[in-house]
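What follows is one structure encoded as structure tokens, with my remarks underneath.
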Amino acid sequence: MVNNPADIKKDFPIFKRQINGKPIIYLDSTASSLKPQQVLDAISDYYTQYPVNIFRGLYTLSEEATAKYEEVREKVARFIGADNGNTVVFVRNATEAINLVVYSWGRVNIGEGDEIVSTVMEHHANVVPWQSLALESGATLKYADIDEDGFLDLQSLESLITSNTKLVALAHVSNVLGTINPIKDIIRIIKKRNPSTKILIDAAQSVPHMKVNVKDLGCDFFAFSGHKMLGPTGVGVLWAKYDLLDAMVPFQMGGDMIKEVYLDHTEYQKPPHKFEAGTPDISAVLGLGAAIDYLSSLGMDKVRHHEKEITKYALDKLGKIKNILIYGPKDASDKGGVIAFTMKGLHPHDIAEILNEDNICIRSGHHCAMPLHTRLGIGSSSRASFYVYNTEEDVDKLVKGLEKANKIFKI
Amino acid sequence: MDLYRDNILDHYKNPRNFGNMDKPDSLAEESNPLCGDKICIQIKLQTTNYKLQTIQDIKFSGVGCAISIASASLLTEKVKNMDLAKVQRLKTKDIVDMLGITLTPTRLKCALLSLEVLQKALNK
């Protein structure tokens, strides 16, 4: 049985809202997904049933909260195919996960003469931290190119790997082109050329949309955000191989991450708690747990199947608009549920404005991927993206909205 | 849609004073990080009898949405031959009145980009 997105919509309270008497057509889940009632309930349960700090109290409420919090860690581990929760670090978002690796691993392991490799299709979150590290360490940052169809140029990537390559940072799925990178093959290629190169996967656009298994992929670091996978804002995950985490220095210092503190020195906790200083966003973690339950009940294979089908439908319908140019792979099998496009004679900002009149929410701009837009020779683009709650009717409304934009601009 | 009135679309599709000039007295460029728009303005100044400086000629170039391009185009028409002190005093309200449309805070940034660039060129 396939999931019915129209039924799924009923779980998302936001769809009860109307603006100017019109329903909301949400096509920007790549930026942030909507949240089902189950996630909101989990957040509310925390604040109404056990709204206390974790790891501190010996009283029932605190023990309940702690157990629920740690339960989510194990849930995350199972969801991404990790051995256990000890390799799952809760952070604010994928951006913070990457910054954690820069501070706790990069600063110690990357120095002058070393090389970092990334790609031109990255989100700024997987570019700027490495740029900053390269600047301060004297390392070189290189970028693998893409081909004309929006696929990563594997030869270009392979040629960049040398005996000095310390880390390769790349996206699992592009947040603009939608390209699904063949991570397993890529890692094999990289490790063949340099077995000691570490690989960080920005999985912000894959974990919400398809079944992933960190062990099967063979990566070293794996980062994603909760808010893009039906969860709340304020929680993300860094997964890493345990021996790497164990050898890394802490990210932030303070309470919770310590074992013993003396006036002249401190003994830190073991991973993952070593990296979680201070009271975390407990309710967000519990919300993430509920989001994983929700996605698991739908089945990640079915989630992917639906997105592939709707992307295929959208590529076909959008492709019929006379002045449209679609970026990235043209076959839905090769891409996640995201379609970036430009329309001749129409600026993305104006397109978004006109669509907004009918509550059709799409993204316009460079989607935090300026180097990619420069590579494509454009300043900005429009982007529609799909998730579990999107229907073919949503796509039809988008197409109608784009035709309306053409009409207003007399194209 | 009220935002895209005929005169806005006309200035967007046929921007006035679009292009570059030889030897400008000053120029400036700014971009809007939200949408990747970029506007460059070049000006030639003229000193009149009373030692009053005015904008003798103005050109703009760049890429942008209908609002930012139309706003830049209308602005270049508005400030030609205007004395500099007056140009310096131009404010948000003047731009909104010039466009004659209601703008959301996000679109206001598009509309104000050209004024920001022009005043930057004058302060160089």
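The values are calculated or read from the model by the stated rules, or taken from the named source; none is laboratory data. This one's a predicted model, so the numbers in the text were calculated from it and none came from an experiment. When we count neighbours, we look across all protein chains shown, and the Cβ atoms used for this are built from the backbone with ideal geometry, even at glycine.
For B:Ser61, are the conditions met, namely being farther than 25 Å from A:Ile354 by Cβ, within 14 Å of chain A (Cβ to nearest Cβ) and not basic (Lys, Arg)? Yes; evaluated as a whole, the condition is true for this residue. Just so you know, in the stretch A:331-347 the residues that are within 12 Å of chain B (Cβ to nearest Cβ) and free of Cβ contacts under 8 Å to residues at least 60 places away in the same chain include one that is surrounded by the fewest Cβ atoms within 10 Å (Cβ to Cβ), and it is A:Thr342. Between A:Gly234, A:Gly254, the distinction of being in contact with a Gly (Cβ under 9 Å, 6 or more places away or on another chain), modelled with pLDDT under 95 and in the same structural domain as A:Phe79 (by TED's automatic domain parsing) belongs to A:Gly254 only. Among the residues making up the stretch B:14-42, those that are at pLDDT below 95 and within 14 Å of chain A (Cβ to nearest Cβ) are B:Glu30, B:Ser31, B:Asn32, B:Pro33, B:Leu34, B:Cys35, B:Gly36, B:Asp37, B:Lys38. Scan the stretch A:12-64 for residues that are assigned by TED's automatic domain parsing to the domain that holds A:Ile282, surrounded by 17 or more Cβ atoms within 10 Å (Cβ to Cβ), within 28 Å of the chain's Cα centre (by Cα) and of a type in the set (Phe, Trp, Tyr) and the total you get is 1. For the stretch A:382-410, a tally of residues being without any contact (Cβ under 8 Å) to a residue 60 or more places away in the chain, of a type in the set (A, V, I, L, M) and closer than 20 Å to A:Gln205 by Cα returns 0.
Give the residues of the stretch B:19-33 that are within 14 Å of B:Val117 (Cβ to Cβ) and of a type in the set (D, E, K, R), sorted by residue number. Across the stretch B:19-33, the qualifying residues are B:Glu29, B:Glu30.
Conditions tested, residue by residue: (1) buried (at least 22 other Cβ atoms within 10 Å of the Cβ); (2) within 13 Å of another protein chain (Cβ to nearest Cβ); (3) modelled with pLDDT under 95.
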| residue | (1), (2), (3) |
| --- | --- |
| A:His349 | yes, yes, yes |
| A:Leu355 | yes, yes, no |
| A:Asp358 | no, yes, no |
| A:His367 | yes, yes, yes |
| A:Ser380 | yes, yes, yes |
| A:Val388 | yes, no, no |
| A:Lys397 | no, no, no |
